[in-house]
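The structure appears right after this line, and notes come after that.
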Amino acid sequence: MMIIKNKAIVEDDWNVLRLAGNDTPQSVVVLPGKVIVPLNVWLAQRDALQDRTDLGVWLASSDRPEALQQDIARFGVIAVDFPKFADGRGYTIAYLLRERLGYKGELRAIGDVLRDQMFYMQRVGFDAFAPRTDKDINQALKGLSDFSVTYQASNDEKLPLFRRVSRGVANG
Amino acid sequence: MYRYDQYDHRIVAERIAQFRDQVSRRLSGELKEEEFRVLRLQNGLYMQIHAYMLRIAIPYGLMNAAQMRMFAHIARKYDRDYGHFTTRQNIQFNWIRLQDAPEILNELATVEMHAIQTSGSCIRTVTSDEFAGVAQDEIVDPRPYAEILRQWSALHPEFALLPRKFKFAITGAANDRAATAVHDIGLTVVKNAQGEIGFRVLVGGGLGRTPVIGTEISDFVPWQHIITYVESIVRVYNQYGRRDNLYKARIKILVKALGIDEFRREVEADWQFTKGGPSTITVEELNRVSAYFVAPAYQDLPASDANVDAKVRDNKAFANWMQRNVKPHKVQGYASVVLSLKRAGVAPGDVTAEQMDAIARLAERYSFGELRVTHMQNLVLADVKQSDLAELWLEAKALGFATPNIGLLSDIICCPGGDFCSLANARSIPLAKAVAECFDDIDFLHDIGEIELNISGCVNACAHHHIGHIGILGVDKEGHEWYQVSIGGSQGNASSIGKIIGHSFTFGQIPEVVARLLQVYVNERYDDERFIDTVRRVGFKPFKTYVYATSIEDDKAWSGTEYELLGKGVPYDTPYYSPRF
Ligand code: SF4
């Protein structure tokens, strides 16, 4: 599958595990290979999955990022799921993972990920995007360069505009 | 007033480019309506009953003559020659074609205006006191802070998709004229005992289905920290606000559910990470923004003007206008003048293109070229010389903006309602018109005195009916429009939520209901007591009893009332991409 990573379209071989109808976090089988598992699966099967190096974890929009406090350093990939694009919790989750939990690895937006949200996603700390597969990924890539200047501080810009640049002054 | 620098211009230009692209993807069918909806709402574009409606931000209600002329131009070129000023100090155009929206935004950008976040589940335009900077009771001018908050909230990456809309109001005066108690966050700029400036912060106020008066979360947040503080409030809300039920999604529900103490604890826990950090406002930034709000070049004038005083004695109409529409100014020899947008036969807040041009001229001639929009849907010339009042009165009268009714019964606050709004249960503009026509005797209105009548077409409460002294709410009963009446609501320092008096009424009954409420007031009042004070003193019982004592005729003559501007102009073709097609 193709994803956007560090502003480029790249081939990606991670599988995202989503629980099906009868699965429970305890019972679901995590197949070998590169898998991004739901947070609740990781928490339920932590002992069994401990030693796997090819594991990522994803958070649902209702999950708390602090649940990863202990384990954050062991993951090279963390994903945040957007169940629908109007659910904005994932933006704060990403911000907290980066700014409060110090997460430095790949942070990937999955689910209902559309071009028009990607600039904001990038600002709060996402560096990888799996846009919805019915959309043209080349078009989606453009969403990352919608703006060249922003007012607020966030994960991308540590300073708000008024500390970044010297701004205009009133001249009547 | 604030002027854009190169960065503000660039951000707005890039937002327009982004929106233009979104519109073209919708027109090509690449975006489906359900995908486009959220995008257009983030930029103030609604689909109403007849057409697209574009809501343009007038941040904290402040605008200049050039911007007013731009509205006139937009009304002529893209709409049907009129616009509607709203209770949130914005302006709406009702007959917009989707394909024109990007070009309208381009034109607006030339006068430093935009439609960013005027709708949608995001931080909306910050509203404020229409007398900011000129009011006698002002402690601190809130406008620099309002502008700083505007910039902070504009395109904030973390808060574009909140559980629900999020509204700020800010005031710096002793008397709250910004309805801070019924906003998601209400800020009052205050000075502490040491003379330092900070904010009293209310949270979780709001109207809608569950009206709530905001609760104090902090009595003093030093000004430097206000961005980080409110950012923590919104962050807590973004994480924990309900997303499963539209009617329970506002922050007020979260604050109630957690309790203010637990909510405050969450906010402070988040704030400790950012307090004092980079988003702390610098003295340089405050100075930079404040420099745009320095007082204009006032002249040294006598405290009163002999001609005005004489005219007040001789001319009753002028005296009425002076009493109702002219407000005191902090600078000697000046006054603020409210141009009434409420006159019989016109929808509250509606202004034609021709009138907009005329108002722009008045602003240039009498008030340093600036104007304010009030949340009561009127306009203000804030800096008028007292010696100009008589002349201004004549001009305003000729234009139809001198109805001496500010704060009186016919100064009705009214939402677009069933004539335009797709969410409406009932019409509100024609009802406002019927009530205004029923009570149009100016002596009677002056005798009744200060009273606020608010009419909302549905529970969304755009006309703030809960805080009207008399509040009227359109409700739907088996497909018919009915109206629920409440009394005892109030905005300002003693905010309260009105109480419903009983079962609802038909359109044609409402004028009589209002008449009966006023009758009880006239019987019960002490000398100078306002309606709301009588309600508070005698309670709501006598009003209820009298209104329901005998049956009320459904006067069909009133319910036929129509909104005259509605039929104006060429028919609007419902386009194929419209959700109503
Ligand atoms: S109160 Fe209801 S009917 Fe009136 S404008 Fe708001 S949403 Fe529309």
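Some notes on this structure:
- The residue that is nearest to B:ILE467 (Cα to Cα), counting only those in the stretch B:78-97 that are part of a loop (DSSP other than H, G, I, E, B) and open to solvent by less than 10 Å² (accessible area, probe 1.4 Å), is B:GLN89.
A quick yes/no check of all residues on (1) assigned by TED's automatic domain parsing to the domain that holds B:PRO328; (2) among the hydroxyl-bearing types (Ser, Thr, Tyr):
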| position | (1), (2) |
| --- | --- |
| B:ASP388 | yes, no |
| B:LEU394 | yes, no |
| B:GLY407 | no, no |
| B:SER422 | no, yes |
| B:LYS433 | no, no |
| B:ILE448 | no, no |
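- Tally of residues being within 11 Å of the ligand (Cβ to nearest atom) and touching a helix residue (DSSP H, G or I) at 6+ places or on another chain (Cβ under 8 Å) across the stretch B:421-457: 10
- Residue match in the stretch A:91-98 (condition: of a type in the set (Lys, Arg), at the interface with another protein chain (Cβ under 10 Å from one of its Cβ atoms) and open to solvent by less than 40 Å² (accessible area, probe 1.4 Å)): no
- Test set (1) more than 10 Å from chain B (Cβ to nearest Cβ); (2) closer than 20 Å to B:ASP270 by Cα - A:VAL57 fails condition number: (2)
- Residue check, A:ASP116 in contact with a Gly (Cβ under 8 Å, 6 or more places away or on another chain), facing chain B (nearest Cβ under 7 Å) and not hydroxyl-bearing (Ser, Thr, Tyr): yes
- Residue match in the stretch A:110-130 (condition: more than 24 Å from B:THR274 (Cα to Cα), in contact with a Leu (Cβ under 7 Å, 6 or more places away or on another chain), modelled with pLDDT under 95 and outside any helix (DSSP H, G or I)): no
- A:GLN139 satisfies every condition listed in (1) under 30 Å from B:TYR2 (Cα atoms); (2) at the interface with chain B (Cβ under 9 Å from one of its Cβ atoms); (3) surrounded by fewer than 17 Cβ atoms within 10 Å (Cβ to Cβ) except (1).
- Test: B:GLU147 is open to solvent by less than 10 Å² (accessible area, probe 1.4 Å), within 14 Å of chain A (Cβ to nearest Cβ) and farther than 20 Å from B:ILE58 by Cα: no
- For the stretch B:480-496, a tally of residues being within 16 Å of the ligand (Cβ to nearest atom) and either of a type outside the set (Phe, Trp, Tyr) or within 21 Å of B:GLY204 (Cβ to Cβ) (or both) returns 6.
- Residue within the stretch B:466-477 that is more than 15 Å from the ligand (Cβ to nearest atom), among the charged types (D, E, K, R) and either without any contact (Cβ under 8 Å) to a residue 60 or more places away in the chain or open to solvent by 10 Å² or more (accessible area, probe 1.4 Å) (or both) present: yes
- Check on B:ALA398, open to solvent by 20 Å² or more (accessible area, probe 1.4 Å), small (Gly, Ala, Ser) and either under 25 Å from B:HIS464 (Cβ atoms) or under 18 Å from the mean Cα position of the chain (by Cα) (or both): no
- Selection from the stretch B:1-29 of residues that are touching a residue at least 60 places away in the same chain (Cβ under 8 Å), more than 7 Å from chain A (Cβ to nearest Cβ), open to solvent by 20 Å² or more (accessible area, probe 1.4 Å) and not in a helix (DSSP H, G or I): B:MET1, B:TYR4, B:GLY29
- Sole exception among (1) touching a residue at least 12 places away in the same chain (Cβ under 8 Å); (2) farther than 20 Å from B:VAL267 by Cβ for B:GLN194, by number: (1)
- Which listed residue, of B:SER336, B:SER290, is outside any loop (DSSP other than H, G, I, E, B), within 25 Å of B:GLN136 (Cα to Cα), open to solvent by less than 30 Å² (accessible area, probe 1.4 Å) and among the hydroxyl-bearing types (Ser, Thr, Tyr): B:SER336
- For B:VAL236, the criteria (1) touching a strand residue (DSSP E or B) at 6+ places or on another chain (Cβ under 9 Å); (2) at pLDDT 95 or above hold in every case but one, which is (1).
- Scan of the stretch A:46-59 for residues that are surrounded by fewer than 18 Cβ atoms within 10 Å (Cβ to Cβ) and not in a helix (DSSP H, G or I), ordered by number: A:GLN50, A:ASP51, A:ARG52, A:THR53, A:ASP54
The values are calculated or read from the model by the stated rules, or taken from the named source; none is laboratory data. The shown structure was predicted, so the numbers you read here are calculated from the model rather than taken from an experiment. Methodologically, a virtual Cβ is constructed for each residue, glycine included, from the backbone with ideal geometry; neighbour enumeration extends over all protein chains shown. Note: accessible area is taken over every heavy atom of the protein model, side chains too, but ligands, DNA and RNA are not part of it. Shrake-Rupley method; radii C 1.70, N 1.55, O 1.52, S 1.80 Å.
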